[in-house]
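**Q** Before I ask anything, let me first share the structure, which is written out below as structure tokens.
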């Protein structure tokens, strides 16, 4: 498996190999991967259900809870990278392009300290 300093490309290759070794590529259509990604996001959200903001931060500081939520985040990232691989989307390019659009939509002088959507600024 990739080291803790692995590049995104190396992580995607490791995830692809993991799926290939198990003959799981047959199940990894974009539809299925997007649904798995949503399900894993729901599992992460479940850890924070019914707690306030302060308690949610404490979960991230608690070693046991941190391991649990770290596992859920890893599942989300694995499915996101697998989706990117199957859909032939370079996640670095996608993120950079989206961040540029976000910079245009949320200029600092209008958005700083506000949670309004870009069309409400």
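Read-outs: derived from the displayed coordinates by stated rules, not from any lab. On a predicted model such as this, the values are computed, not experimentally measured, just so you know. No Cβ is skipped: glycine too gets one built from the backbone with ideal geometry, and neighbour counts run over all protein chains shown.
**Q** If you take the square roots of the eigenvalues of the alpha-carbon gyration tensor of segment 40-110 and sort them as a ≥ b ≥ c, do you get rounded (a/c under 1.5), prolate (a/b over b/c) or oblate?
**A** oblate
**Q** For a quick check, take a GNM of the chain with Cα springs below 10 Å and name the residue from 110, 58, 98 with the largest mean-square fluctuation.
**A** Looking only at 110, 58, 98, the biggest GNM fluctuation is shown by 110.
**Q** A follow-up question, please. Using only alpha carbon pairs under 8 Å that are at least six residues apart, calculate the relative contact order of the chain and give it in whole percent.
**A** 29
**Q** Residue separation times 0.36 nm, minus the C-alpha to C-alpha distance between residue 65 and residue 95: what's the value?
**A** 7.9 nm
**Q** Rounded to the nearest 500 deg cm²/dmol, what is the calculated helix-only ellipticity per residue at 222 nm for the chain, with -39500 (n - 2.57) per DSSP H run of length n ≥ 4?
**A** After summing the helix terms and dividing by the residues of the chain, the value is -22000 deg cm²/dmol.
**Q** Which of the peptides 19-27, 36-44 is most tightly packed, and how do the rest follow, judged by the mean count of other Cβ atoms within 10 Å per residue?
**A** 36-44, 19-27
**Q** Students often check this: by mean Cβ neighbours within 10 Å, which of 69-75, 50-56 ranks highest, and how do the rest follow?
**A** 69-75, 50-56
**Q** What is the helix-to-structure angle for 30-46, meaning the angle in degrees between its Cα long axis and the longest Cα principal axis of the chain, kept from 0 to 90 and rounded to the nearest 10?
**A** 50
**Q** Kirkwood hydrodynamic radius, computed over distinct alpha-carbon pairs, for the chain: how many Å, to one decimal?
**A** Taking the inverse mean of 1/r over all distinct Cα pairs, the chain comes out at 17.0 Å.
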